[in-house]
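Below is one structure, written out as structure tokens; comments come after it.
The values are calculated or read from the model by the stated rules, or taken from the named source; none is laboratory data. Only a predicted model underlies this, so the values are computations on that prediction, with no experimental measurement involved. Every residue, glycine as well, gets a Cβ built from its backbone with ideal geometry; the counts of neighbours run over all protein chains shown. When the accessible area is computed, the model is the full protein with side chains, heavy atoms only, and any ligands, DNA or RNA have been set aside. Shrake-Rupley method; radii C 1.70, N 1.55, O 1.52, S 1.80 Å.
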Amino acid sequence: MEFGICNLTIVPLRAEAAHRSEMVSQLLFGETFEIITKSKDWTKISTTADGYKGWIQNGQFLTVDDQGYQQYQSLAIMRVGFEGGFLTHRDYAIQLLHGTHVRASFAYFDAENIQDFVGQELRYGAVDFQDQVALLAKRYWDVPYLWGGRSKFGIDCSGFSQLIYQSFGVSLPRDAYQQVELGETVDFLSEIKVGDLAFFDNEEGRINHVGIMLDSETIIHASARVRIDRMDQEGIFNQELNRYTHKLRIVKRYI
């Protein structure tokens, strides 16, 4: 079995083996995946964190065997904070974004010269969630919406919730319809706590949106951009448009 390690800042994960194909998600530096199949220019993968499948271009990752993968996974993880940082190697530095999990003792570039990390390290745990989740989520305010995006350069709704929770050591699936299957249901809006996730559905009843609650009446979510809106039992009310934009389905708690 072959595995891969992303060794670029951020890499598109596409639905098909072509640049014109839909970007379904992204890989951040240091993330790992199982290699399913290879073609001349593209490789089909399944991410080891959440089992998400897609195609990435050859030349955008390192390949390791099962032993190398197990060794990599055994190394201590350093989580990069919102301000980001760099891995410096001789005269070379690669940018690292918030959400990146990097193994500083791993030779990403040169086996004889381990790189150094310069930047902000994130030290949150689940115990910090209630106090810090709103502050961290608000750092993404006005980040543009990007289908499949997972960074402050562009993010989608479920990528946003996944990334924020990941910062506190909690793993969520990639898409909203998968995330809603986990967690405990919050029965009444008055019982909502900061960090709970609210899910919304379309006319067919399919979950198509998710946001992070800042309190029982306020939500931060990615819709055109990361924005803060009011929410009630009907859904999200956009003051700029003077109408409801998303119909509430359920609220879930994970921590």
With all protein chains present, calculate the accessible area of Tyr165 using a 1.4 Å probe and round the result to the nearest 10 Å². 0
Quotient of C-alpha Rg and 2.2 N^0.38 Å, computed over region 1-142: 1.10
Could you please report the charge total around Asp66, scoring K, R as +1 and D, E as -1 over all other residues with beta-carbon less than 15 angstrom from its beta-carbon? -3
Return one number: the angle in degrees, 0 to 90 and rounded to the nearest 10, between the long axis of the Cα atoms of helix 157-166 and the longest principal axis of the Cα atoms of the chain. 70
Given [x] 31; [y] 22; [z] 11 as possible values of percent of Cα pairs over 33 Å apart, the one from the coordinates is [y]
Per residue, how much accessible surface does the chain expose to a 1.4 Å probe? Answer in Å², no decimals. 49
Quick one: compute the contact order of region 150-249, relative version, from alpha carbon pairs under 8 angstrom and 6+ residues apart, as a percent. 22
In the Gaussian network model of the chain, springs joining C-alpha atoms below 10 Å, which of His98, His209, His89 carries the largest mean-square fluctuation? His89
Report, in whole Å, the centroid distance computed from the Cα atoms of region 38-56 and region 153-190. 23
Rounded to whole Hz and in sequence order, give me ³J(HN,Hα) for region 45-54 from the Karplus expression 6.51 cos²θ - 1.76 cosθ + 1.60, θ = phi - 60°, writing x for Gly and Pro. 10, 9, 5, 6, 6, 9, x, 7, 10, x
The chain: relative contact order from alpha carbon pairs under 8 Å, six or more residues apart, as a whole percent, is 13
Given Cα pairs under 8 Å that are at least 6 residues apart, what percent is the relative contact order of region 32-112? 19
Could you tell me how many degrees, from 0 to 90 and to the nearest 10, lie between the Cα long axis of helix 129-138 and the main elongation axis, the longest principal axis, of the Cα atoms of the chain? 90
Leaving out ligands, DNA and RNA, and with a 1.4 Å probe, what % of the accessible surface on the chain is carbon or sulfur? 47
